[in-house]
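**Q** Here it is: the structure, laid out below.
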Amino acid sequence: MPQFLELKDKFGNSLFFGNGGDVRLAATPLIADFRKQLKDVQELYLRHDDVIITGYPKSGNHWHQQIIRMLIQNSTEYTPNTFTTDVLEYIPESFRPPATQPRVFFSHLLFRHLPRQVTEKKVKVVYLTRNPKDTFVSMYAQLSSMSNEMGYAGTWDQFFQVMLEWGFWHGNYFDHLLDWEKEIEAHPDHPVFVSSFEDMKRDPVGQIEKLNDFLDLGRSPQLCARIASVCNIASMREKEEVQVQALRQVYDAAAPVIYRKGEIGDWKNWFTPEQNEQFDEVYRKRMSESKRTLIFE
């Protein structure tokens, strides 16, 4: 069994992490040695045509992975996530790529923690953003649904303070976003496509067509429209039961909520006026030098 790092928030709730040194990973039983795992990830062999999706947790990783898989496979067939072949943080050292078809990995890692061959081979990266208010709510919904070390037993009010002041998996939201913004600017020649949860939600066909162009796949507008139709949040939620059953074989607890509402502005049903005021003050300070515009409703 892996040794988890247990911390306490100021309310006395336990927060468990996979100790990856300067990376706070999810406390998953899939990994025995988290520091070694991060080193193995950096040495992972990649193909030139692989695609990596990354972003802060709950930014639409699973959703985008299905969309990009369908674009690559020229098909609208749903493929369940296998975790140990798809998520960089969980891939075993012995994993090697298949001889044909490019893979679609996803991750929550920062640019500097991705495999070294990402920069060496100019592997295409799709970086995801989502407004932090909805991200906080979505993370709480997932973590509060789990009863083992991967969960959070505190209230929404407590979790809000934890996220605003400290963060959870993969650290503080603002640190994560600003670090990626800095790295994208520092690597202007690296192929990075920034896709926001909100843009995909408001104009799925248009956003999928942009991904198609970025990946140089040449898929038809008709396929992009069909993918948008089958990958709407309601449809993905129905397919999630397949994923949940797989996760229950791994975790001795309730499986996490992957697809919930998928709405823009659901934070209004959670944030109190006082929390919103507190958040906006922190947001103004932390994002004062950011060039990124986030959509909150």
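The values are calculated or read from the model by the stated rules, or taken from the named source; none is laboratory data. It should be emphasised that the depicted structure is a prediction, and the values quoted were computed from it without experimental measurement. Accessible surface areas use protein heavy atoms only, side chains included; no ligands, DNA or RNA. Shrake-Rupley method; radii C 1.70, N 1.55, O 1.52, S 1.80 Å.
**Q** Could you identify which residue out of 141, 153, 186 has the top mean-square fluctuation in a GNM of the chain using Cα springs shorter than 10 Å?
**A** Largest GNM mean-square fluctuation: 186.
**Q** Ignoring ligands, DNA and RNA, what percent of the accessible area of segment 1-151 is carbon or sulfur (1.4 Å)?
**A** Within segment 1-151, the accessible surface is 49 percent carbon and sulfur.
**Q** Amide H to amide H, which residues 5 or more places from residue 53 or on other chains are under 5 Å from it, using H placed in the peptide plane?
**A** 105, 106, 107, 126
**Q** If you don't mind, another one. With θ set to phi - 60° and the Karplus curve 6.51 cos²θ - 1.76 cosθ + 1.60, what are the ³J(HN,Hα) couplings of segment 194-206 in order, to the nearest whole Hz, using x for Gly and Pro?
**A** Values per residue, Gly and Pro as x: 8, 10, 8, 4, 5, 5, 5, 6, 7, 9, x, 5, x Hz.
**Q** Choose one answer from 85, 129, 155: the residue with the largest mean-square fluctuation in a GNM of the chain with alpha-carbon springs under 10 Å.
**A** Of 85, 129, 155, the most mobile in the Gaussian network model is 155.
**Q** For segment 28-179, just the Cα set please: Rg and Dmax, both in angstrom.
**A** 16.1, 49
**Q** Can you list residues whose amide H is under 5 Å from residue 196's amide H, if they're 5+ apart or on another chain and H is modeled 1.01 Å from N?
**A** So residue 196 has HN proximity to 129.
**Q** Please give the per residue accessible area of the chain, computed with a probe of 1.4 Å over protein heavy atoms only, in Å².
**A** Each residue of the chain exposes 45 Å² on average to a 1.4 Å probe.
**Q** At what distance in angstrom do the alpha carbon centres of segment 14-90 and segment 137-215 lie from each other?
**A** The two parts, judged by their Cα centres, are 13 Å apart.
**Q** Identify which of the listed values of Rg and Dmax of the Cα atoms in Å was calculated from the structure shown: [x] 18.5, 55; [y] 19.4, 57; [z] 20.8, 69.
**A** This structure yields the entry labelled [x].
**Q** Can you compute the helix-only [θ] at 222 nm over the chain? Use -39500 (n - 2.57) per DSSP H run of at least 4 residues, normalise by all residues, nearest 500 deg cm²/dmol.
**A** Result for the chain: -12000 deg cm²/dmol, rounded to the nearest 500.
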